[in-house]
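Peer 1: Starting off with a structure, shown below.
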Amino acid sequence: MKSQLRYPLLNIVFFVLAIYVNYLSVVTNLGGRTIRELSDKYANLFTPSNQTFAIWSLIYLLVMGFLMLQFIKGFKTSITQNPLFILSCVFNLSWIVFWQFEYIFISLLVMLALLATLARINLQLKEDGNLFFRLTFGVYLGWICIATIANVTTFIVSTGCTLDISVQQTITIAMLAIGTGLVAWIMHQLNNPFLTIAVAWAFYGISVKRAVDQPLISTLALAAMAVIAAWGIWITWKNRHHLIR
């Protein structure tokens with residue numbers, strides 16, 4: 001019995017630690033700048049509007065639900081008995097630290113590690129997960145897919161290379177296409193339509209932010225949002241008998 005409680009309890013401990021580091025980044029401005037200030041410093045055409053980042057509130061609420069439900073017998077799965085969620089918390093808080101102190105390349109590597117960990121969690125949930133857990137980690141993975149692409153564009157900006165606006169537009173359009181294709185493929189592989197929630201929201205945020213200065217990118221972001229939403233609906237319909245197991 002004690003061994004079965006080890007990982008659920010550690011999951012809570014590391015999640016609280018991750019939340020605390022996130023709190024410190026806001027209250028004490030680790031590294032001397034807020035996350036928003038750094039986002040503005042390394043601004044690029046792929047960055048969504050500031051309001052879009054409110055999705056973290058949804059993600060953390062869903063994760064708290066997961067942490068409570070993991071103690072209920074009917075909700076126990078392989079991810080409640082292995083260290084993957086703990087690793088995701090470690091990568092989450094590590095990204096905050098490296099980002100705040102402007103170790104941009106290292107933060108990108110950490111983001112990739114978080115992406116891989118969440119993908120692994122979702123792969124396990126494909127086999128033995130319930131609807132709520134698939135929702136929780138599907139939304140989380142969807143947001144990190146887009147955040148990883150944004151981290152790549154931020155790294156390009158951080159190198160100091162000066163890019164003509166037309167080049168920036170081309171890169172952003174390519175990133176939108178890559179993001180749409182990558183997420184559609186991941187949703188298909190995982191049979192998890194819930195990535196749509198975060199990804200469509202992120203594309204909407206990009207569209208809103210670029211509505212005035214980059215109308216083409218704004219329109220393409222809306223198109224990407226529509227494609228992802230349609231793909232998510234199709235996957236939901238295709239797997240309607242298997243989403244709840």
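Peer 1: Starting from 0.36 nm per residue, how many nanometres of slack lie between residue 77 and residue 191 once their C-alpha separation is accounted for?
Peer 2: Answer, rounded to one decimal: 39.3 nm.
Peer 1: Something else: How large is ³J(HN,Hα) for each residue in segment 37-48, as worked out from phi by the Karplus curve 6.51 cos²θ - 1.76 cosθ + 1.60 (θ = phi - 60°), to whole Hz, x for Gly and Pro?
Peer 2: My calculation for segment 37-48 gives 4, 5, 4, 5, 4, 9, 4, 8, 6, 8, 5, x Hz in order.
Peer 1: Give me the percent relative contact order of the chain, please, defined on Cα pairs under 8 angstrom at least 6 residues apart.
Peer 2: So the answer I get is 23 percent.
Peer 1: Rg(Cα) of segment 184-223 divided by 2.2 N^0.38 Å?
Peer 2: For segment 184-223, the normalised Cα radius of gyration comes out at 1.36.
Peer 1: Oh, and also: Could you tell me the convex hull volume per residue, in Å³, taken over the Cα atoms of segment 178-245?
Peer 2: 62
Peer 1: If you don't mind, there's one more thing I want to ask. Is the chain best put as rounded, prolate or oblate by its Cα gyration tensor, with a ≥ b ≥ c the root eigenvalues, rounded for a/c under 1.5, and otherwise prolate when a/b is larger than b/c, oblate when not?
Peer 2: Taking the square roots of the gyration eigenvalues as a ≥ b ≥ c, the chain is oblate.
Peer 1: Now for a different question. Please list the three semi-axes, largest first and in whole Å, of the ellipsoid equivalent to segment 75-132, using sqrt of 5 times the eigenvalues of its alpha carbon gyration tensor.
Peer 2: Calculated on Cα positions only, the semi-axes equal 27, 10, 7 Å.
Peer 1: On to the next question. Looking at segment 59-167, what % of the alpha carbon pairs are farther apart than 20 Å?
Peer 2: Everything past 20 Å amounts to 44 percent.
Peer 1: At a Förster distance of 45 Å, what's the computed FRET efficiency of residue 178 paired with residue 64, Cβ-Cβ distance as r, to 0.05?
Peer 2: Computed FRET efficiency for residue 178 and residue 64: 0.90.
Peer 1: Here's another thing I want to ask about it. Shape of segment 106-245 from its Cα gyration tensor (a ≥ b ≥ c, root eigenvalues): rounded if a/c is under 1.5, otherwise prolate when a/b > b/c, or oblate?
Peer 2: oblate
Peer 1: Roughly how many nanometres apart are two label points built 7 Å out from the Cα toward the Cβ at residue 29 and residue 223?
Peer 2: That separation, rounded to one decimal, is 4.1 nm.
Peer 1: For the chain, how many pairs of lysine residues have a Cα-Cα distance under 30 Å, where the two are 8 or more positions apart or belong to different chains?
Peer 2: Pairs that pass both the separation and distance tests number 9.
Every read-out reported here was derived from the displayed coordinates using simple, explicitly stated rules and does not represent laboratory data. Model, not experiment: these values are computed from the prediction. Cβ coordinates were reconstructed from backbone atoms using ideal geometry, including for glycine residues, and neighbour counts include every protein chain displayed.
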